[in-house]
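Worksheet for the structure shown next.
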Amino acid sequence: MAGRLESAEMEPAAELADEKKSAEDVREFSFRERVQLWLITAAATFFIRLIGPTLRYGIIREPGCLADDHANMNTSIWCFWHRCVIPATYRFRRRQIAVMTSRSFDGEYIARIISRLGFIPVRGSSSRGAVGALLGMRRELEQGHSVAFTIDGPRGPRYVAKPGPVVLAKKTGLPINCFYVHLERAWILNSWDRMMIPKPFSRAVVYASNPIFVPAGATDAEMKALHQQMQDALERCRLKAEEALSH
């Protein structure tokens, strides 16, 4: 992936070609699918806005973390596991954070939901449109918006981080920060990510890591090591957040 992004940046024609291909890849939805998208978007947005205000959030920060006590995010690259996307979406709403979403049917309704909640969807995924999506995320960073990755999405495997943020950090000079939101009480879906659906009035702990910086001249070996460091930070955030609510 690093090589693909570097090639796209070095050759403007490659970037334009990738964006043209990305536009062509966006599927048209049937009437039935459009109705489904409207219903899912409306229902999910209503649910998040209904349940979200009942959740009692707290934040635990590691030294140097770029989130404040109210979980405001400075311009940075943020990563978290897919299963906590619902409590994370409510906690960080209305902050114009750019989020990568796939071009699938699922990605379409996710893009619509997060748009209503004050996020900026950037279309693409690790499997399709990856270069164009990373370039889109870079543009958002250049405009002063933070970006966030559900880093084991859209289909898993669960708790396995993809390398995109490390590539983006190398190109922008901005740090990577990881976080996780754990719920005291939740319904757990039988899905690949074991998605957490918050129960009303649950406590929620946000655990956020210290930043990871990627040198502009990082070698392939250093990129691999930093990718592992990001993986370790993501798991540390998850375990620490779970531990905070286990007492």
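Values in this text are rule-based calculations from the coordinates and carry no lab data. It should be emphasised that the depicted structure is a prediction, and the values quoted were computed from it without experimental measurement. A quick note on method: Cβ atoms are made from the backbone with ideal geometry, for glycine too, and the neighbour counts reach across all protein chains shown.
Note on N190 and F105: the extension gain reaches 28.6 nm, defined as 0.36 nm multiplied by sequence separation minus the Cα-Cα distance.
May I ask for the net charge around I212, where only other residues with Cβ less than 14 Å from the Cβ of I212 are counted and Lys, Arg are +1 while Asp, Glu are -1? Its environment carries a net charge of -1. A cut-off of 5 Å between modelled amide H atoms, ignoring neighbours fewer than 5 places along the same chain, links N210 with E62. In this structure, the amide hydrogen of V99, modeled 1.01 Å from its nitrogen in the peptide plane, lies closer than 5 angstrom to those of I120, V122, A148, counting only residues at least 5 positions away or on a different chain.
Provide the gained length on full extension for the span L239 to F213, in nm with one decimal, where the gain is 0.36 nm per separating residue minus the Cα-Cα distance. Before the final figure, lay out each step's value.
Values: separation 26, 0.36 × 26 = 9.36 nm, distance 2.23 nm.
The L239-F213 span can extend by a further 7.1 nm.
Counting Lys and Arg as +1 and Asp and Glu as -1 over every other residue whose Cβ lies under 12 Å from the Cβ of A186, the net charge comes to +3.
Using the Cβ atoms and a cut-off under 12 Å, what net charge is assigned to the surroundings of H145, where Lys and Arg are +1 and Asp and Glu are -1? So the environment of H145 carries a net charge of +1. Applying a DSSP loop filter and a limit of 13 other Cβ atoms within 10 Å to the chymotrypsin sites (Phe, Trp or Tyr not before Pro) in region 153-219 leaves F201, F213.
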